[in-house]
Structure formats: C-alpha cells, structure tokens
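J.: Pasting a structure here, questions to come.
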Amino acid sequence: IDAGEIAESFDVMVALDAAAGRAAAARATADEIARLDAMHDELVALHGAAERAAYFRLNQQIHLEITRLAGNSVLLNIWSTLHASVFRARAVANYDARRWDESLREHEAFMALLRARDAQGFALALSAHTRKTGDSVLQMLNQANSA
C-alpha cells in the first residue's frame, strides 16, 4: 500500500463525499432516509457487539448508498472506482479502537444532519468524516512502515 497514493486518493474522496452528501440530502426521499437510518441502527448494534468485520462491511454499504442517493451516475462511478483502490487501507483504520468509536460518533452526527435535510451540514460532516478516516489510515500505515 503506497501511503502517498492513499493520501491523494483520500483528498479526492473528501471532495466526492462532499458533493455526494450535498446532493443526497437534497434528493433523498423520506423512505430512502429511513432505510439509511435502519442501516445506521444496525451499525450501532454491530459496534456495541464489537463485530468489526460486519461493521466495516455495513459501513461501506452506507457510504455507497449515500453516494447512490446523490443521483449522479458519473459521481457514483468515480467514487466506486476510487473507493475500491483504498478499500484495503481503509479497513486498517477500524483496528484502532479510539478511531472506531470516534467514527461511530461521526456517523451519528452526519445522520442527524441528513434527517434534518441540512444539505450543507451533511456534506461538511460527511467529508470531514472521510478526512479523519484518511488521516487515521495514513497514521496506521506510517506506524506499520516504521515498525
């Protein structure tokens, strides 16, 4: 895993998540938001049960669904391609217990903004979440490379 490439990829993911978040909050139906809420409730339960692998899979599904709800096929294609390239590195961040807890709190916050239809707030919170995940991934990679 090349840390420089991962850093650049996360820079782009942050921008893509901001665009996806803004559009998804503006376009998602009440039923779609309810479906994301149900997924989020399951995510919280998986965290409480310390089911990291299942949590990680569902987390990825939630982020994909948010991007899908943006209603932009080009954005979804670019996001999916880039996401695939950072997938393995992103999993590393889940093994830091502090980051895992922090990530769940971030999910709680951005879901509240989505339910409130605060497109700008949701976009900012989602992209900040991605930035923090990227920073955590890079920190873990740097620690592994130093060891």
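J.: Compactness ratio of region 74-147: Cα Rg over 2.2 N^0.38 Å, N = residue count? Please report the intermediate quantities before stating the final value.
T.: Values: Rg = 13.9 Å, N = 74, 2.2 N^0.38 = 11.3 Å.
Region 74-147 yields a ratio of 1.23.
J.: Taking the highest mean first, how do the peptides 39-45, 62-68 order by number of other beta carbon atoms within 10 angstrom per residue?
T.: On the way: 39-45: 15.9, 62-68: 19.4.
The packing order, highest mean first, is 62-68, 39-45.
J.: Taking the Cα centre of region 81-147 as the origin, how large is its charge dipole in debye, to the nearest 20, when only Lys and Arg (+1) and Asp and Glu (-1) carry charge on their Cβ atoms? Present the calculation step by step, with values, prior to reporting the outcome.
T.: Details: 9 positive and 7 negative charges, 26 e Å.
In debye, rounded to 20, region 81-147 gives about 120.
J.: Let me ask something additional. Return the equivalent ellipsoid semi-axes of region 1-65 as a descending list in whole Å, where each equals the square root of 5 times an eigenvalue of the C-alpha gyration tensor.
T.: 24, 21, 6
J.: Something else now. Accessible area of region 42-130 with a 1.4 Å probe: how many percent of it is carbon plus sulfur? Don't jump to the answer; show the numbers that get you there.
T.: Working: 2400 of 4110 Å².
Of all accessible area on region 42-130, carbon and sulfur atoms account for 58 percent.
J.: Can you list the equivalent-ellipsoid semi-axes of region 31-114, largest first and in whole Å, using the square root of 5 times each Cα gyration tensor eigenvalue? Could the numbers behind the result be given before it?
T.: On the way: eigenvalues 88, 60, 20 Å².
Whole-Å semi-axes of the equivalent ellipsoid: 21, 17, 10.
J.: Still on this structure, I have one more. Considering only protein heavy atoms, what per residue accessible area in square angstrom results for the chain with a 1.4 angstrom probe? Intermediate results must be reported in sequence, preceding the final value.
T.: Values: 7080 Å² over 147 residues.
For the chain, the solvent-accessible area averages 48 Å² per residue.
J.: If you fit an axis through the alpha-carbon atoms of helix 3-27 and take the longest principal axis of the Cα set of the chain, what angle between them do you get, 0 to 90°, nearest 10?
T.: Approximately 10 degrees, to the nearest 10.
J.: Which angle from 0 to 90°, rounded to the nearest 10, does the C-alpha axis of helix 119-146 make with the longest principal axis of the chain?
T.: With both axes taken from Cα atoms, the answer is about 10 degrees.
J.: Counting only C-alpha contacts under 8 Å and six or more residues apart, can you give the relative contact order of region 1-119 as a whole percent?
T.: Values: 76 pairs, mean separation 48.2, N = 119.
Normalised by residue count, the contact order of region 1-119 is 40 percent.
J.: Any idea what Rg and Dmax come out to for the chain if you just take the C-alpha atoms, in Å?
T.: Rg and Dmax of the chain, Cα atoms, are 14.6, 48 Å.
The values are calculated or read from the model by the stated rules, or taken from the named source; none is laboratory data. From a predicted model like this one, the values you see are computed outputs, not experimental measurements. Quick reminder, even Gly has a Cβ in these numbers, built from the backbone with ideal geometry, and neighbours come from all protein chains shown. Surface accessibility is based on the protein's heavy atoms, side chains included, excluding ligands, DNA and RNA. Shrake-Rupley method; radii C 1.70, N 1.55, O 1.52, S 1.80 Å.
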